[in-house]
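Here the structure comes first, spelled out in structure tokens, and everything after it is commentary.
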Amino acid sequence: MKPVRLAILGLGTVGGGALKLLQENAAEIKRRTGREIQITHVGTRRPRPDLELEGIKQSADLLDIVRQPDVDVVVEVMGGIHPAYEVIMEAIKHGKQVVTANKALLAEHGNELFKAAEDNAVQIAYEAAVAGGIPIIKVIREGLAANHIEWLAGIINGTGNFILTEMREKGRAFDDVLKEAQELGYAEADPTFDVEGIDAAHKLTILASCAFGIPLQFDKVYTEGISKITAQDVKYAEDLGFRIKHLGIARRAEKGIELRVHPTLIPDEQLIANVNGVKNAVLVQANAVGPTLYYGAGAGAGPTASAVVADVIDIVRDISYTEDGAGTIPQLAFEALTNVPILSREEMTTGYYIRLNAEDQTGVLADVTTILSRAGISIDAIMQQSRLKDLIPIVILTDPIVESKMDDALAQIQALPAIRGEIVRIRLESLDS
């Protein structure tokens with residue numbers, strides 16, 4: 001059979017890693033696919049003398065590349081929304097198969113792209129868009145295909161996990177660890193996407209669509225970052241037997257689906273609580289197999305390139321073994337999607353860690369617990385901390401409650417004359433099966 005011809009758009013960390021992997025493992029890949037994969041084009045604006053590019057056409061005109069007849073598969077690893085959207089649309093219109101690692105593009109414009117792919121009988125493969133080297137997309141759509149997925153929760157941003165790990169293990173402040181993360185290359189000069197949860201929300205959008213058969217709805221994900229987490233709260237959580245992780249959570253509820261990214265207390269004996277550093281992990285609760293945990297490197301040249309090349313291999317196999325070339329990689333089947341409501345923040349249900357600073361006055365704690373009781377909020381634990389200056393920190397853990405009720409209760413507590421400063425609220429999940 002003739003070779004499958006490939007264009008790689010973007011020769012940064014991931015693109016360069018994918019090119020090297022395809023070259024170094026060419027014989028093994030050919031054995032597994034039965035076809036040679038030939039890289040015919042690369043899209044790049046700068047020279048890469050460290051890469052072996054002999055015999056490969058190089059151009060900065062990406063639209064021209066995807067129109068070429070000697071390109072069967074387009075690998076988009078540029079990142080960003082534009083021009084990636086326009087380039088992939090053009091590739092689809094010209095009948096090219098697509099592999100992408102672009103989680104932001106899929107989360108925000110995936111519905112349009114998948115519809116175009118369906119209309120043009122081509123595929124979009126996107127394993128590398130979520131959790132790097134962890135094959136979580138394949139797990140959900142293939143390994144757990146017989147299951148009804150009830151919920152999933154993931155540490156899906158390595159930068160945030162590194163920061164929270166350092167804060168817990170060394171008692172460091174957020175700003176101090178963020179600076180180190182930037183120096184180590186874990187965080188960008190503008191770290192907003194990582195530390196404010198946007199990157200994780202993009203990934204959660206994709207996971208939820210795969211897991212629940214719903215359209216991609218990034219704009220409905222409740223997103224909260226970790227920039228307000230203090231070393232004080234990290235320590236108090238640990239004293240209570242919990243660790244704070246920045247989780248993306250997608251859960252079926254009675255009235256709809258919860259999609260949320262936020263700092264979360266989880267019991268320290270649970271496996272996902274012990275995922276540290278820049279590692280990622282996704283915990284999936286399915287009705288037949290129960291809970292399963294997937295762990296590994298969530299970013300970097302090697303892990304992400306591995307996922308990109310795995311998608312290329314799947315597409316090459318499909319090109320070889322399907323008559324019409326449309327392939328068998330599961331896509332977003334629009335006729336089968338369900339428009340289940342996505343719950344607002346106020347409708348979501350979770351437990352809470354609450355920390356407030358109170359003046360040392362008789363009856364303050366009684367007032368606080370009375371307000372919570374009237375709101376129907378059950379208290380699981382109360383811990384009074386050592387005095388800080390003239391104030392006493394009080395930490396309260398609650399049982400799960402609808403967030404709107406917690407909003408009302410905290411507004412009443414905040415208005416008490418003895419309460420000083422802003423009340424800290426962090427959500428709490430047991431992640432029980």
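For the reader, a short list of remarks on this structure follows.
- Cβ-based charge dipole, the chain, positive-most Cα from LEU343, LEU265, VAL42: VAL42
- Once the Cα atoms are used to define both axes, helix 84-93 deviates from the longest principal axis of the chain by about 40 degrees.
- Distance from the stretch 1-62 to the stretch 360-433 (C-alpha centre basis), Å: 57
- The chain: angle of helix 364-374 to the longest principal axis, Cα-based, in degrees nearest 10: 60
- Debye, to nearest 20: dipole size of the stretch 348-426, +1 on Lys, Arg Cβ, -1 on Asp, Glu Cβ: 120
- The residues of the chain expose, per residue, 43 Å² of accessible area to a 1.4 Å probe.
- Pair ALA189, GLN384: separation of 7 Å Cα→Cβ label points (nm): 5.1
- Principal-axis analysis of the Cα atoms of the chain puts helix 13-24 at an angle of about 50° to the longest axis.
- Assigned charges on the beta-carbon of Lys, Arg, Asp, Glu; the chain dipole about Cα centre (debye): 500
- Highest-fluctuation residue, GLU118, GLU254, GLU347 considered, GNM on the chain with Cα pairs under 10 Å: GLU254
- Cα-projected label distance for ASP70 with THR338, points at 7 Å along beta-carbon direction, nm: 4.9
- Too-long pairs where the Cα-Cα distance tops 22 Å, listed order kept, from LYS96/LYS279; LYS20/LYS57; LYS2/LYS30: LYS96/LYS279
- In straight-distance terms, cross-link reach from LYS235 covers every one of the lysines whose alpha-carbon lies under 20 Å from its own, apart from those fewer than eight places away in the same chain; here that gives LYS170, LYS245, LYS389.
The values are calculated or read from the model by the stated rules, or taken from the named source; none is laboratory data. Keep in mind that what you see is a predicted model, and the values were worked out from it rather than measured. Methodologically, a virtual Cβ is constructed for each residue, glycine included, from the backbone with ideal geometry; neighbour enumeration extends over all protein chains shown. Accessible surface areas use protein heavy atoms only, side chains included; no ligands, DNA or RNA. Shrake-Rupley method; radii C 1.70, N 1.55, O 1.52, S 1.80 Å.
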